[in-house]
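Participant: One structure, as structure tokens, below. Some questions next.
The values are calculated or read from the model by the stated rules, or taken from the named source; none is laboratory data. Because the structure is predicted, anything quoted here is derived from the model rather than measured. Every residue, glycine among them, receives a Cβ derived from its backbone with ideal geometry; neighbour counts consider all protein chains shown. Calculation scope for accessible area: heavy atoms of the full protein, side chains included, ligands and nucleic acids excluded. Shrake-Rupley method; radii C 1.70, N 1.55, O 1.52, S 1.80 Å.
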Amino acid sequence: MATENFPKTKEALSIKGSQSTVVTLKVVKNIGIITIDYAPVNALSQAVRTGLVLAVESLETNDDVKVIIIRCQGKTFIAGADIKEFGKPATEPYLPDVVNTIEACRKPVIASLFGTTLGGGFEVALACHYRIALSTAKVGMPEVNLGLIPGAGGTQRLMRILGPEQALEMITSGRHISVTKFSGSNLFDFIVEDKVVENKLAASELPQSELPESELDKQSKIFALQLIRENNLTPCRVGEMSVNSQDFDWQAAKFNIIKKARGKQAPVVAFDVLEQTQKMNINDGMAYEREKFLQLRASEQSAALIHAFAAEKQAAKLSSKAQPIDVINVGIIGGGNMGSGIATCFLAAHFNVQLIEQSNEALEAGLARIRNNFASNVKRGRMSQSASDICLAKLTASIDYQSLSHCDLVLEAVFENIDVKKELFKKVVSVCKAETVLATNTSYLDIDEIAASISRPEQLVGMHFFSPANIMKLLEIVKADKTSEQVIATAMQVGKKLKKVSVLVGVCFGFAGNRMYTRYGREVQQMLLEGAKVEQIDNAMTNWGMAMGPLAVQDMSGIDIGHSARSAQPFPAHDKGYFKAAATMVEANRLGRKTQAGFYQYDENGKNHHAAEVETLLFEEAQQLGIKQRTFSDEDIVQRALFALICEGFALLKAGIVQRMSDIDVIWLHGYGFPRYKGGPMFQARQMGKAQVEQKLAELREEFGDEIWPVVNVDLLG
Ligand code: 3H9
């Protein structure tokens, strides 16, 4: 590793050799204070890594310094390796060398943690000799979420401090855990009570230099001064500890981890690393960890997961600079399953909610559903009773539209009938402020047509939640022709506050997600007529990684629901088998789970079984339609379903319904159970490359015609 002689000075320094000021240092009362200031999350870019090494080496040789503190400016201690550098060739100093330099330092080094200390950031903290944390801080090893394992000693040092059981839980789950959960363990030497005012100041617009010293900084210095006063200056190195794994049942842990991983490689590799290295010294253990980290780093799963992370950040970005309006009071019309789920989301995000229903009876039923949602959150440990009470205190209800007059946003979730929705918005417009944002939760209706029927079309936007609305992360923000940029910015900001993954889409039947879902369903149904078996289709898709088989999903949601929605649309004359399998099921009164018979047969315990009758019915239907049956391989099934999504995805891009290929991926990852470690349908297309995608689409066009497999422009695949 290349090092320079770093100047010894008591003044703040920037890192030599560049204009960067990402790592500075100063010396106060024999304490060397290293500050990392690299927005937005102090990630370990090359400049930060270089700065850290130079700063530690400089302070180590500075006779005025007895103890070192590593702290961060901004909203968090280091949140991990710099994801923006992934995919580029690795540059020195490598993170394992950085953490080893810190641990080897002959003077005690204290890490001062707040915000979310994650991955490589946590590895830096573990290499420090003392850790002090603000009580609101969280720590975690989220590498598995990127298809990785900790690659800079995290597996080794965490296993030494917490033991294999807790270390494995943290590393294989990727969860961010409150530091208070570790009080009493060796992980933290001191937990500093947070002062609410401190957060407000950190987030304020004041220049950092004008902010008063935070409680964490104060306490970190007091801790350092105490070490100096007591002459307690021998560093305690985690790397020198041994692992206590005596009573740990590695076999049982392995079984659980493989079961939970559901196709993901990284958690299984993490287990292997901990098991294999438990008796090794830190250097050998880190070498083994590094080897496995680099293998994962080159894997397709990691590329897909990193793509998913970047795609989500990208989807949240708008090209316009319009400023959102401040939304505090929200009106929700309709307290059915969808409306009550949506109201639950808003309440959980601390909005004031005014629920509106048609009658007192319906209102009571809606309120009961919302209360049940919160009760279930409390029961499942997702929320405390007092937190639930605070949220529910913000709920009011009425059957009078006049009570919406103060609302900043009014969202309707009534049944799918365009005339009902038009009438409803006319009433809303007549009672609300001019700037109130009007939102419809329709899944299929033409929002432009609704907008044309009201006097403020620019205020109307689609906010398409997915069911169950209080659980599903996806939110399609639908821009109609006249929707103003400010209204879109407001809807996106509300989505963020609701902790949803919001994606901006345009108006068409089914918008982006359901339009693609219909295309996917069409292909699955067609394969049934062509001879693929129900179980084989579902198994092929779930073995590939989909959360559920497409036919099990239809049985769950009710085959008649989709059938009646499709029946309201003109039948596509060019597609003789269009959803004919579903129509056959409906005719035979096999509506799904609710009739204990659908594509599967269900017993009294709800367990599904093969339905011989379905095979016969589908065979007869295929014969009537003149469709020849054949056998399918699992690969055939997956390819057909996947290419249907890819083809429709390109059609959506061409029609301007979505802005980016990656937005489609985000929709499929969060709304339809697409395996995150496969990145999304468009990521799959990118991995295959333009030539292969073009060739496969041409083959499908040749076999089935260009009305079903239209020519699409795949130039975006480069
Ligand atoms: C690792 O550390 C491997 C090591 O073990 C071994 C190496 C050898 N890098 O989410 P937000 C950006 S693997 C670069 O909206 P929040 C993000 O893109 C890494 N940039 O804020 C966004 O930028 P923009 C392990 C990052 O407050 C901005 O920060 N670490 C990184 O809701 C704000 O993000 C992780 O996996 C990063 N590491 O949540 C942490 N992280 O505004 C992943 C964020 O331009 N990150 N950005 O779009 C997170 O979980 C959340 O971002 C965090 C903040 C909780 C930190």
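Participant: Suppose we keep only residues that are more than 15 Å from Phe683 (Cα to Cα) and in contact with a helix residue (DSSP H, G or I) (Cβ under 9 Å, 6 or more places away or on another chain) within the stretch 644-654. Which one would you say is surrounded by the most Cβ atoms within 10 Å (Cβ to Cβ)?
Facilitator: Across the stretch 644-654, the extreme among qualifying residues is Leu652.
Participant: Name the residues in the stretch 484-498 that are open to solvent by 10 Å² or more (accessible area, probe 1.4 Å) and in contact with a helix residue (DSSP H, G or I) (Cβ under 8 Å, 6 or more places away or on another chain), would you?
Facilitator: Ser484, Leu498
Participant: If the requirement is being surrounded by 15 or more Cβ atoms within 10 Å (Cβ to Cβ) and at pLDDT below 95, which of these qualifies: Leu438, Leu445?
Facilitator: Leu445 is the lone residue from the list that is surrounded by 15 or more Cβ atoms within 10 Å (Cβ to Cβ) and at pLDDT below 95.
Participant: If you go through the stretch 507-559 one residue at a time, how many are among the small types (Gly, Ala, Ser), under 30 Å from Val487 (Cβ atoms) and crowded, with 20+ Cβ neighbours inside 10 Å?
Facilitator: Residues in the stretch 507-559 being among the small types (Gly, Ala, Ser), under 30 Å from Val487 (Cβ atoms) and crowded, with 20+ Cβ neighbours inside 10 Å: 2 in total.
Participant: Still on this structure, I have one more. Under the condition of being free of Cβ contacts under 8 Å to residues at least 24 places away in the same chain and farther than 23 Å from Ile667 by Cα, which residue from the stretch 296-338 is farthest from the ligand (Cβ to nearest atom)?
Facilitator: Per the stated criteria, the residue is Lys321.
Participant: Yes or no: the stretch 82-89 includes at least one residue that is within 30 Å of Arg262 (Cβ to Cβ), modelled with pLDDT of 95 or more, open to solvent by less than 30 Å² (accessible area, probe 1.4 Å) and within 12 Å of the ligand (Cβ to nearest atom).
Facilitator: Yes: one or more hits.
Participant: Considering only the stretch 141-199, how many residues are within 11 Å of the ligand (Cβ to nearest atom) and at positive phi?
Facilitator: Counting residues in the stretch 141-199 that are within 11 Å of the ligand (Cβ to nearest atom) and at positive phi gives 3.
Participant: List, please: which pairs have Cβ atoms under 8 Å, are six or more places apart or on different chains, and start with a residue in the stretch 36-60 that is on the phi > 0 side of the Ramachandran plot and modelled with pLDDT of 95 or more and end with one that is aliphatic (A, V, I, L, M) and within 14 Å of the ligand (Cβ to nearest atom)?
Facilitator: Asn42/Ile36; Asn42/Val48; Asn42/Ile78; Asn42/Ala79
Participant: Now a separate question. Taking strands (runs of 3 or more DSSP E) that fall entirely within the stretch 120-180, which contain at least 1 residues that are of a type outside the set (D, E, K, R) and at pLDDT below 95?
Facilitator: Fully inside the stretch 120-180 and qualifying: nothing.
Participant: If you scan the stretch 375-397, which residues turn out to be in contact with a strand residue (DSSP E or B) (Cβ under 6 Å, 6 or more places away or on another chain) and not in a loop (DSSP other than H, G, I, E, B)?
Facilitator: If the condition is that a residue be in contact with a strand residue (DSSP E or B) (Cβ under 6 Å, 6 or more places away or on another chain) and not in a loop (DSSP other than H, G, I, E, B), then Leu395, Thr396, Ala397 are the ones that fit.
Yes/no matrix, rows are residues, columns are (1) surrounded by fewer than 20 Cβ atoms within 10 Å (Cβ to Cβ); (2) in a loop (DSSP other than H, G, I, E, B):
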{"residue": "Thr21", "(1), (2)": "yes, yes"}
{"residue": "Thr24", "(1), (2)": "yes, no"}
{"residue": "Thr35", "(1), (2)": "no, no"}
{"residue": "Tyr38", "(1), (2)": "no, yes"}
{"residue": "Val48", "(1), (2)": "no, no"}
{"residue": "Glu57", "(1), (2)": "yes, no"}
{"residue": "Thr76", "(1), (2)": "no, yes"}
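Participant: Within the stretch 399-427, work out how many residues are under 13 Å from Ile450 (Cα atoms) and touching a strand residue (DSSP E or B) at 6+ places or on another chain (Cβ under 8 Å).
Facilitator: 4
Participant: Additional query: Can you tell me which of Ile664, Ile657, Ile637 is open to solvent by less than 20 Å² (accessible area, probe 1.4 Å), within 24 Å of Glu615 (Cα to Cα) and in contact with a helix residue (DSSP H, G or I) (Cβ under 6 Å, 6 or more places away or on another chain)?
Facilitator: Ile637
Participant: When both residues are 6+ apart or on different chains and their Cβ atoms are under 9 Å apart, which pairs have a first residue that lies in the stretch 562-575 and is in contact (Cβ under 8 Å) with a residue 12 or more places away in the chain, and a second that is open to solvent by 80 Å² or more (accessible area, probe 1.4 Å) and of a type outside the set (D, E, K, R)?
Facilitator: The qualifying pairs are Gln569/Phe509.
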